[in-house]
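Remarks on the structure that follows.
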Amino acid sequence: MGTFETDFTIPNLNADREDLRVSSVVWSGQRQPIAEAIGAGANQKLLVNHPLVYEGQKLIPSITRTLTSKQNLYVYFEVYDPAEQAGTRKPRVVAVVSFYRQGRKAFESAPVELSTLSTTRQGTLPVQFQVPLTTLKPGRYTCQVSVIDETAKKFEFLRAPLVVLP
């Protein structure tokens, strides 16, 4: 048995920045019930507020970013301190996931509009996608998440390589 470590970036929220503040992206091909997740035993109460736990399922990050066409791609990241619309006091963030192969767009998800901040982490807007890979041909892709804070007129693009196997 071994371990794997990777950086997860949370931007400096105290610094004055002109760009959109977005965490690193967690790419996954698997969700697992909390009871079955490694290390979940005695820490069930701590997992309730864990950002990778949603509806009793824990997102398991993909180390290799290699999935099969029968799997779903799960994408998770957070937007910090999105601007609030005047009158509604809610953010208006739009996000989309795109797949590129050999310089051409192979697939793009439907845009997701987000306006609900986390109830457990102040100023945090969680963003989640589930994309079925059945329409993609096997091969190497560049997966891109595009995030637009429409109120603040800011955007961010996050990319990672992804391999789809038959």
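The values are calculated or read from the model by the stated rules, or taken from the named source; none is laboratory data. The shown structure was predicted, so the numbers you read here are calculated from the model rather than taken from an experiment. Reconstructed Cβ throughout: ideal geometry from the backbone, glycine too, with neighbour counts over all protein chains shown. When the accessible area is computed, the model is the full protein with side chains, heavy atoms only, and any ligands, DNA or RNA have been set aside. Shrake-Rupley method; radii C 1.70, N 1.55, O 1.52, S 1.80 Å.
Looking across Ser62, Ser23, one residue alone is under 15 Å from Pro126 (Cα atoms), among the small types (Gly, Ala, Ser), at pLDDT 65 or above and surrounded by 11 or more Cβ atoms within 10 Å (Cβ to Cβ). It is Ser23. Selection of region 145-166 for residues being β-branched (Val, Ile, Thr) and at pLDDT 95 or above yields Val145, Val147, Ile148, Val163, Val164.
Restricted to region 139-159, and to residues there that are of a type in the set (S, T, N, Q) and within 21 Å of Ile60 (Cα to Cα), the residue that is least open to solvent (accessible area, probe 1.4 Å) is Gln144. Taken together, the residues in region 84-107 that are farther than 20 Å from Val22 by Cα, of a type outside the set (Lys, Arg) and surrounded by 11 or more Cβ atoms within 10 Å (Cβ to Cβ) amount to 3.
Just a yes or no: is a residue in region 28-38 farther than 24 Å from Pro132 by Cα, within 15 Å of the chain's Cα centre (by Cα) and either modelled with pLDDT under 95 or not charged (D, E, K, R) (or both)? Scanning region 28-38 turns up no residue that is farther than 24 Å from Pro132 by Cα, within 15 Å of the chain's Cα centre (by Cα) and either modelled with pLDDT under 95 or not charged (D, E, K, R) (or both). Restricting region 110-138 to residues that are without any contact (Cβ under 8 Å) to a residue 60 or more places away in the chain, part of a strand (DSSP E or B) and open to solvent by 60 Å² or more (accessible area, probe 1.4 Å), the residue that is nearest to Gln85 (Cα to Cα) is Glu113.
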